[in-house]
Amino acid sequence: MLSREATSIISPIGLSKSSSSPEEENSVLEIWGRSPLAGDVKISGAKNSALVVMAGALLCSQDCRIRNIPLLVDVARMSEVLLALGVKLHHQADILKIDSSQLSCSKAPYDLVSKLRASFFVIGPLLARLGVARVPLPGGCAIGARPVELHVRGLQAMGADVQIDHGTVHAYVRGSRGKLQGARIYLDYPSVGATETLMMAATLAEGETIIENAAQEPEVVDLARFCRAMGSRIRGAGTNTITISGVSSLHATDFAIIPDRIEAGTFLVAGALTHSEISLSPVIPDHLTPVIAKLREAGSKVIMEAPNRLRIVPGQAILATDIQTRPYPGFPTDMQAQFMALMTLSEGNSLITETVFENRLRHVAEFNRMGADIRLQGNYALVRGVPNLSGAPVVATDLRASAALVLAGLAAEGKTILQGLHHLDRGYEQLELKLQQLGARLQRISRECNDSENQPDSDPAVFTPTQVTHKFK
Ligand code: UD1
């Protein structure tokens, strides 16, 4: 967890740490289950929107002021990528000012791109603005191989010469003007990243670009909103066909990121799983339609208390519910692990099918360590609901799995000890503090000082608020 207070006096955000320190690698989260939660929680800005909007700011040679930036390790890493490209940043509280007027470098450093897959998305703006981009292939990650051929083919359709050499994508636009050309591009799969890369590339291209079978995720729509605020001409974002009419330059803007629908969904599941009533705001309920539908099917009520405020009211029992992850507006893959945590305690059997990423069910083994009964076959997980989970030492296998294991720990009997907190810190702003404020009993401790697995299992009566903060360079 990054400390907002600490960061507020540091500028730019790129000076904040970008990788887990040995202290954090050694930290674990102790979670004592079965405490009822209650109250209100504030939802932060959307990670995936913030990351791509930061990349999009490279398109503009004037200042962009981005509000509602979540304080996350991934955001700090993207800041480092921008700094390496010659961009100036100024960060205060949740506002990030990005000055790309001196954008000079077309090469993103491998050590930064390899730590943050989303930083590959700078390829589109770099190519549009400078006519040349050299960006290392990001490689696979914990949830799958994650190739980028859809990004590359789309850029080629727009006239870029692309070669992949020694693990780096070298792209340039021929001709003295160095301008990409509008094109009609059909994506074989509605990839979020490819849609965003190509939309950004097309904003400064000559002529019209049409992206067919485009991703419709709210973060794609947010990026389009940001580009339009800078003067881009984009229509159709949020549908499967996006049309971009290129313009010659963009102008300064002041823009606020949407609330994080995945963080909101995670707290909704926390309420359903711990039989607690929780209110969340700000949220955009429409962005949560598939998650809300499945929570209702699982027996909870989700009430819209205000246009930007939801309340989860759990049912008597958790009902078995099947889910299949799909591109938006289908059920989000980023909520699959959390929903599986809920199904472990359901009455009956549920089938969870992961269709978006090929390796995103590694948390199954961790849930089973806590007493869940889940069988895995390929991309299917058959969850047989059990009456109780029991706290256990578990390891976070990826970002969303880490949050799902926290939720399972909150519902389990006894103590859960979660390792692999660097995953959690990538994408959840102050998760522990927010849960503590709802009444959860959990705290981060350093393993070096406190070998918690060998400590007695006594249930501490008092929890101090989480004190661990990231150090800043
Ligand atoms: C984004 C989100 C991530 C979310 C995912 C799906 C960010 C920073 N991350 O990731 O949290 O889980 O959308 O909603 O926004 N694919 C290819 N070739 C390509 C591109 C993608 O085969 O060129 C495949 C991927 O391997 C994956 C699937 O398409 O199996 C979906 O990937 P994509 O939609 O591109 O996800 P990301 O943009 O990487």
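Please determine, by comparing only the residues of segment 381-402 that are within 16 Å of the ligand (Cβ to nearest atom) and either open to solvent by 50 Å² or more (accessible area, probe 1.4 Å) or of a type in the set (D, E, K, R) (or both), which one is modelled with the lowest pLDDT. So the residue we want is Asp398. Checked against the criterion of being open to solvent by less than 10 Å² (accessible area, probe 1.4 Å) and acidic (Asp, Glu), the candidates Glu366, Glu432, Glu413 yield just one match: Glu432. I'd like the residue in segment 325-348 that is outside any helix (DSSP H, G or I) and either aromatic (Phe, Trp, Tyr) or out of contact with any helix residue (DSSP H, G or I) (no Cβ under 9 Å at 6 or more places or on another chain) (or both) and, out of all such residues, is nearest to the ligand (Cβ to nearest atom). Per the stated criteria, the residue is Tyr328.
Residue check: is Met200 at pLDDT 95 or above and either out of contact with any Cys (no Cβ under 9 Å at 6 or more places or on another chain) or away from the ligand (no atom under 14 Å from the Cβ) (or both)?
When the stated conditions are applied, Met200 does not pass them.
Under the condition of being assigned to a helix (DSSP H, G or I) and in contact (Cβ under 8 Å) with a residue 12 or more places away in the chain, the residues counted in segment 78-118 number 12.
Which ones in segment 332-342 are closer than 21 Å to Gly315 by Cα and out of contact with any Asp or Glu (no Cβ under 9 Å at 6 or more places or on another chain)? Those that are closer than 21 Å to Gly315 by Cα and out of contact with any Asp or Glu (no Cβ under 9 Å at 6 or more places or on another chain): Met335, Gln338, Phe339, Met340, Ala341, Leu342. Picking from residues in segment 139-149 that are closer than 18 Å to Leu187 by Cβ and assigned to a loop (DSSP other than H, G, I, E, B), the one that is most open to solvent (accessible area, probe 1.4 Å) is Pro147. Scanning segment 349-366 for residues that are touching a helix residue (DSSP H, G or I) at 6+ places or on another chain (Cβ under 7 Å) and hydroxyl-bearing (Ser, Thr, Tyr) yields a total of 1.
If you take the residues of segment 154-176 that are without any contact (Cβ under 8 Å) to a residue 24 or more places away in the chain and of a type outside the set (Gly, Ala, Ser), which of them is surrounded by the most Cβ atoms within 10 Å (Cβ to Cβ)? Among those residues, the one meeting the criterion is Val162. Would you check which residues across segment 349-367 are farther than 20 Å from Tyr328 by Cα and in a loop (DSSP other than H, G, I, E, B) and list them? Matches in segment 349-367: Arg362 only.
Do we find a residue being within 13 Å of the ligand (Cβ to nearest atom), open to solvent by 20 Å² or more (accessible area, probe 1.4 Å) and either farther than 25 Å from Ala57 by Cβ or in a helix (DSSP H, G or I) (or both) anywhere in segment 119-127? Yes: one or more hits.
Is it true that some residue in segment 67-86 is touching a Cys at 6+ places or on another chain (Cβ under 9 Å) and either of a type outside the set (Gly, Ala, Ser) or open to solvent by less than 30 Å² (accessible area, probe 1.4 Å) (or both)? Yes: segment 67-86 contains one or more residues that are touching a Cys at 6+ places or on another chain (Cβ under 9 Å) and either of a type outside the set (Gly, Ala, Ser) or open to solvent by less than 30 Å² (accessible area, probe 1.4 Å) (or both). Within segment 102-111, the residues that satisfy the criterion of being crowded, with 19+ Cβ neighbours inside 10 Å and either more than 16 Å from the ligand (Cβ to nearest atom) or over 14 Å from Ala55 (Cα atoms) (or both) are Leu103, Ser106. Could you say whether any residue in segment 420-435 is within 16 Å of the ligand (Cβ to nearest atom) and of a type in the set (Phe, Trp, Tyr)? Checked against the condition, which is being within 16 Å of the ligand (Cβ to nearest atom) and of a type in the set (Phe, Trp, Tyr), segment 420-435 yields at least one hit. Please specify each residue of segment 128-149 satisfying the condition of being of a type in the set (D, E, K, R) and away from the ligand (no atom under 12 Å from the Cβ). Residues satisfying the conditions are Arg129, Arg134. One residue stands out in segment 150-183 among those that are outside any helix (DSSP H, G or I) and touching a Ser or Thr at 6+ places or on another chain (Cβ under 8 Å): the one that is farthest from the ligand (Cβ to nearest atom), namely Gly182.
The values are calculated or read from the model by the stated rules, or taken from the named source; none is laboratory data. Quick caveat: nothing in here was measured; it's all calculated off a predicted structure. Don't worry about glycine lacking a Cβ; one is built from the backbone with ideal geometry, like all the others, and counts go over all protein chains shown. Note: areas computed on protein heavy atoms with side chains; ligands, DNA, RNA excluded. Shrake-Rupley method; radii C 1.70, N 1.55, O 1.52, S 1.80 Å.
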